[in-house]
Amino acid sequence: MHRPLNIGVSLIGGRHQYLHIVPVAAALSRKAGVRVTLFVMSREEQTHIEALLAGFDAAPCTFVIMTVYNWILALSAKLTGIQQPKVPALLLWARKMRQCDPILSSERTSTLLKSLPGKCPPLIHIPHGAGDRAQGFEQRIARFDLVIVAGPKDKRRMIAAGLTRADNCLVSGYIKLAAVRRLSKLSSPRLFDNDRKTILYNAHFDPALSSWNACAIALIEAVKQDGRFNLIVAPHVRLFENVPLHAAERDRFEQLAETDRVIIDLGSARCSDMTYTNAADLYIGDVSSQVYEFAARPRPCIFINAHHRDWENDPDYSMWRFGQVIQGADDIMATIDRSFATFSAFEDIQQQAILDAFNGAPDDAPEIAADQIIDFMHQ
């Protein structure tokens, strides 16, 4: 009798990645002859993931909490503000992780496991998002033995970049969207007790790409002064992840919130579970992959080219074809009006892009990915 296939799942990337990978872990756990071991950074994360697994009808899974020496935690917090450093956790727990048959990961730091002495099992990657920025197609992807992407768009680009081959890059559909549908969160939540249209501002965290530093305050003040719209300000959760380093700035922005008019959310679960992308009537952003989640139901978009990129023929900015592109927030209200008025010119572009990015967004994407993993391991 064959022993169970022990599938390790590295969950060190943060909560914003969970909906991209936990549904696949749940689907794997229900398969005969499979055991799922989840590697997490804290007891709090385990509790959060257990609740998700229950929502996806998972069979019992094993958890391993990757504890790190207190002196390492203290040093990391002091030098970087990062409370749970990934690299020390991987180094300390590499032996345990590499006892699994494959290791499934939604981030790329886990490729460190292949650089250590000794045998490493196959590494399997499910990217956390389906956006266009260059970081989504970086060289560490080539270290994975199998990559499962959301749609043909990413598969073409990874093959063209020499990161994967046609036979080890598979398409599953967009797992997060399928997961949100299953959790019954796809209906548009009512976040404001009024009938005004709602604008979402979703800036990226990378200062070299983001519009946040240049435009956030001006954009918020312009929308508030205009008075015709509700506003949700929900940047990428990593923008304020290092709390000790950003406490004063966080307080500054949170004070700009207004009841029943302006939400300032700098890192809650709603920033990652599609609550805001589903509640908004118009999206303003820069390079975040969340625009693809927004455009799954096509609506007007605005992109802020705060760094004056020559973007038209650059695949890193393909999503900017979804709407108006501006250089800053000086004329943001006029651009908002123009975006609503001219949306019909972009609707078909968004629809076709979503088909390409999400492969039709099948509801069983987690099960498709789980089957692909099992088939790969039985080759």
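List of remarks:
- Among the conditions (1) closer than 19 Å to Val287 by Cα; (2) surrounded by fewer than 19 Cβ atoms within 10 Å (Cβ to Cβ); (3) more than 22 Å from the chain's Cα centre (by Cα), the only one that Arg196 does not satisfy is (1).
- Filtering the stretch 62-84 to residues that are at pLDDT 85 or above and of a type outside the set (Phe, Trp, Tyr) leaves Thr62, Val64, Ile65, Met66, Thr67, Val68.
- So Phe192, is it outside the structural domain of Arg270 (by TED's automatic domain parsing), over 30 Å from Phe376 (Cα atoms) and aromatic (Phe, Trp, Tyr): yes
- Number of residues in the stretch 221-247 that are small (Gly, Ala, Ser), loosely packed, with under 13 Cβ neighbours inside 10 Å and modelled with pLDDT of 95 or more equals 1.
- Screening the stretch 50-67 for residues that are under 19 Å from Arg182 (Cα atoms) and touching a Lys or Arg at 6+ places or on another chain (Cβ under 8 Å) and picking the one that is surrounded by the most Cβ atoms within 10 Å (Cβ to Cβ) gives Ala58.
- In the stretch 201-217, residue farthest from the chain's Cα centre (by Cα) [restricted to those that are surrounded by 23 or more Cβ atoms within 10 Å (Cβ to Cβ) and either part of a helix (DSSP H, G or I) or of a type in the set (D, E, K, R) (or both)]: Cys215
- Any hit, the stretch 266-277, residues being out of contact with any helix residue (DSSP H, G or I) (no Cβ under 7 Å at 6 or more places or on another chain), in the same structural domain as Asn202 (by TED's automatic domain parsing) and more than 23 Å from Ala179 (Cα to Cα): no
- Looking across the stretch 134-157 at every residue that is part of a loop (DSSP other than H, G, I, E, B) and surrounded by fewer than 21 Cβ atoms within 10 Å (Cβ to Cβ), the one that is nearest to the chain's Cα centre (by Cα) is identified as Glu138.
- Selection over the stretch 341-366 of residues that are of a type in the set (D, E, K, R) and within 28 Å of Val22 (Cα to Cα) gives a count of 3.
- Pick from the stretch 85-97, criterion buried (at least 18 other Cβ atoms within 10 Å of the Cβ) and of a type outside the set (A, V, I, L, M, F, W, C), ranking: modelled with the highest pLDDT: Lys86
- Tally of residues being at pLDDT 95 or above, farther than 21 Å from Ser105 by Cβ and touching a Leu at 6+ places or on another chain (Cβ under 7 Å) across the stretch 359-379: 0
- All positions within the stretch 307-323 that are touching a helix residue (DSSP H, G or I) at 6+ places or on another chain (Cβ under 6 Å) and surrounded by fewer than 20 Cβ atoms within 10 Å (Cβ to Cβ): Trp311, Asp316, Arg321
- Any hit, the stretch 158-177, residues being part of a helix (DSSP H, G or I), out of contact with any helix residue (DSSP H, G or I) (no Cβ under 7 Å at 6 or more places or on another chain) and under 12 Å from Ser289 (Cβ atoms): no
- Taking (1) over 16 Å from the mean Cα position of the chain (by Cα); (2) surrounded by fewer than 23 Cβ atoms within 10 Å (Cβ to Cβ) in turn, Cys301 satisfies each apart from (2).
The values are calculated or read from the model by the stated rules, or taken from the named source; none is laboratory data. Values in this document were obtained by computation on a predicted structure and should not be read as measured data. Counting neighbours? That spans all protein chains shown, and the Cβs are built from the backbone with ideal geometry, glycine included.
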